[in-house]
1. Using the alpha carbon gyration tensor of segment 135-311, what are the three equivalent-ellipsoid semi-axes (square root of 5 times each eigenvalue), largest first, in whole Å?
2. What percent antiparallel are the DSSP beta bridges of the chain, to the nearest 5?
3. Where does each of 86-97, 338-349 land if you order them by average Cβ count within 10 Å, highest first?
4. Across the Cα atoms of segment 110-222, what radius of gyration and what greatest pairwise Cα-Cα distance (Dmax) are found, in Å?
5. Along its principal axes, what span do the Cα atoms of the chain show, with the longest given first and each in whole Å?
6. Kindly rank 144-154, 320-330 from highest to lowest mean number of other beta carbons found within 10 Å of each residue.
7. Where nothing but the Cβ of Lys and Arg (+1) and of Asp and Glu (-1) is charged, how large is the charge dipole of the chain around its Cα centre, in debye to the nearest 20?
8. Go through segment 122-224 and name the trypsin sites (Lys or Arg not before Pro) that are in a DSSP coil and have 13 or fewer other Cβ atoms within 10 Å of their Cβ.
Amino acid sequence: MQHRLTFLGIESSCDDTAAAVVRVDDAAQILSSVVEGQVALHAAYGGVVPEIAARAHAERLDGCVDQALQLAGLGFADLDGIAVTSGPGLIGGVLSGVMLAKGLAAGTGLPLIGVNHLAGHALTPRLTDGLAFPYLMLLVSGGHCQFLIVNGPQSFRRIGGTIDDAPGEAFDKTAKLLGLPQPGGPAVEAEAVQGDARRFAFPRPLLDRPGCDMSFSGLKTALLRARDTLIAVQGGLFMQDRRDLCAGFQQAVADVLVEKTQRALTLYLEANPAAPTLAVAGGVAANRAIRTALEATSVAMGVRFTAPPLRLCTDNAAMIAYAGIELFRDGQRDGFGLIARPRWPLDATAPAVLGSGKKGAKA
Ligand code: KG4
Ligand code: ZN
């Protein structure tokens, strides 16, 4: 039986202000999880505005912490530690969280643990499904896209990822080009369901090259061209055009993810034949067509497939509290010298990735 630990988690690295309380003894339990999205604040700008995000985090974080403790029915005296996202992400938002966590740790005397946001995502299947190490993780969201071999709470090997846009970012840009609302993923998916994916021939970037790296920025350019050609010929877009464009785009993303996942799984299984598990996380994992395709790929390769429930796939603080507990058990302690890091690759040995995502420079 493991010693029981209860942690407060704080997350503010992008456009979700979040606090949560997680308890782990033999199993993990989310006692509360509060997430305040900022979609309405950024809607007029067509993307996340870092300064607006940082201000909203600073204004709302303490309220979220209060609410998370209240929902859990606990006070600070019942906690064993405070975990906070200390990177990577938009620096103003990360700073808001780190400063609050330091203040709370100073006031309560509780241990402080800085958590890498990506580790939070990557360790989520252990929180939700009790997965054992190792497993292969595909993280696909608005800010990230990478294959990680997860060997331990501080041991990740990155075996591929996007060299430019993240898939969620491509969905968001596609929605913008077609006059659909943000976040673009769900809107594009809803159109795609009624569309013909074969009408437009969109590229499948980097499939002709070996390895597990991906590229999604060219897809958006292809979509822009297809849209403009239709507008030039017809004077505008018909409802069915929009549906077909969305279906073609989504199919191209799915095809790239499936092919690269096959390659990543092959690499992973060579080293870990006794642990055939693929876990998918991030907002794009909510896409039914993509999720189904990835699940089918796993089944065909004899691999167990898991994807956390959507509210834990997208940004939240429960994953940060949970990762904090794992790191605490691993011996990590951060003092008041903890810094906010805009860039913080999980695998420091993997080559740097170019391009910029929703969260700023690629993590
Ligand atoms: O994980 P997340 O909440 O935040 C980041 O860390 O980025 O992911 C948000 C991203 C957005 O780009 C959104 O458009 C995308 O996930 N997304 C989807 C779907 N639902 C959310 N993309 C495709 N299909 C969906 N159903
Ligand atoms: Zn995230």
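Read-outs throughout are calculated quantities, based only on the coordinates presented, and are distinct from any laboratory measurement. Predicted model only: the values in this text are computed from it and were never measured. We place every Cβ from the backbone using ideal geometry, glycine too, and count neighbours over all the protein chains shown.
1. Rounded to whole Å, the semi-axes are 31, 15, 14.
2. On the way: 31 of 48 bridges.
Bridges in the chain that DSSP calls antiparallel: roughly 65 percent.
3. Values: 86-97: 25.3, 338-349: 16.7.
Result, highest mean Cβ count within 10 Å first: 86-97, 338-349.
4. For segment 110-222, the Cα-based Rg and Dmax read 17.0, 59 Å.
5. For the chain, the Cα spread along each principal axis is 67, 49, 34 Å.
6. Working: 144-154: 22.6, 320-330: 26.1.
Result, highest mean Cβ count within 10 Å first: 320-330, 144-154.
7. On the way: 32 positive and 34 negative charges, 128 e Å.
Dipole about the Cα centre, nearest 20: 620 debye.
8. ARG198
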